[in-house]
Amino acid sequence: AKVEEISEMLKTGECQVIDVREYPEFEAEKIHDARLVSLSNFEEHAGAIDRTKPVYLMCRSGNRARQAADRLLKKGFTDIH
């Protein structure tokens, strides 16, 4: 999906954007309405992620987002981007 499509879905509540960077990175530059769930605290907060909506993961390079995606897959999530 394109950034514009994701932004619109986020506004209407059709998806969720989870930022897995650390707090200082998130504060320096963030997507409006993205939720911070740092990879370092991911396990304790992953339960709050809605299974019924697509999950878009973001980080600086993609490495942490891939790790978070693997963790969500193990928890039964299927719509991860």
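Values quoted throughout were computed directly from the atomic coordinates according to the rules given, and no laboratory measurement underlies them. The structure displayed is predicted, hence computed values, not measured ones. Cβ coordinates were reconstructed from backbone atoms using ideal geometry, including for glycine residues, and neighbour counts include every protein chain displayed.
So here's what we get for this one:
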item: Modelled FRET efficiency - R0 25 Å, LYS2 with ARG66, Cβ distances, 0.05 increments; result: 0.75
item: Proximal lysine pairs, the chain, alpha carbons under 21 Å, eight or more residues apart or interchain; result: 8
item: Length-normalised contact order for region 37-81 - Cα pairs under 8 Å, 6+ apart - percent; result: 42 percent
item: Extension gain, LYS30 back to LYS75 (0.36 nm per residue minus Cα-Cα distance, nm); result: 13.6 nm
item: Local net charge near ASP79, Cβ-Cβ under 10 Å (Lys/Arg +1, Asp/Glu -1); result: +2
item: Cleavage-rule hits (GluC sites (Glu not before Pro)) in region 1-62: DSSP loop, at most 14 neighbouring Cβ within 10 angstrom; result: GLU14, GLU29
item: Sequence-separation-based contact order of region 1-77, relative, with Cα cut under 8 Å and 6+ spacing, percent; result: 32 percent
item: Identified option (computed Cα extents along the principal axes in Å; candidates (1) 43, 28, 20; (2) 33, 25, 21; (3) 31, 28, 20); result: (3)
item: DSSP-loop trypsin sites (Lys or Arg not before Pro) across the chain, with at most 10 other Cβ within 10 angstrom; result: LYS2
